[in-house]
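Working notes, structure below.
The values are calculated or read from the model by the stated rules, or taken from the named source; none is laboratory data. It should be emphasised that the depicted structure is a prediction, and the values quoted were computed from it without experimental measurement. Note that each Cβ is placed from the backbone with ideal geometry, even for glycine, and that neighbours are counted across all protein chains shown.
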Amino acid sequence: MFNDIGLPELATIIVLAMLVFGPDKLPKVIQDVIRTIRKIREFSESAKQDIRQELGPEFKDFEFEDLNPKTFLRKQLETDDLGLKEIRNGFDLKKEMAEVTDAVHGRDSDPSPSSPSSPSSGGRIDMTKKPEGPDRDERPPFDSDAT
């Protein structure tokens, strides 16, 4: 609850408590605060137990921390029901990037069985830029609707 309170903040709180309540009443105030925190914890634990009982036996492993979206997603992805680990392990980013770079620069590399292949290009997709414009003497077609 107070994970980010350091020594200076704690000292400030103690000094303010001494000034507000005085050294005579401070131990009683601390006891009252501790008692209140314990009652709140007991109340929240009993409420959790009541909710678990009302949900039934199919929710016996239900944790309220799972209601946090980050925790829920992390737990669902760890249970590998979708086969995500196989997909993640089968994907080699460096290899894929090297293939794309080779294709862009026009270099030939070893075709991998996982890459898409077409029979006309020998298993590789040609991604190099080739000038396919009109000749110098030929003007591009004029489209009157485009202007």
Within the bounds of region 34-56, is there any residue that is among the acidic types (Asp, Glu), part of a loop (DSSP other than H, G, I, E, B) and surrounded by 10 or more Cβ atoms within 10 Å (Cβ to Cβ)?
no
Looking at this structure, is ARG52 basic (Lys, Arg) and at pLDDT below 85?
yes
Which residue, of THR79, THR71, is modelled with pLDDT under 75 and among the hydroxyl-bearing types (Ser, Thr, Tyr)?
THR79
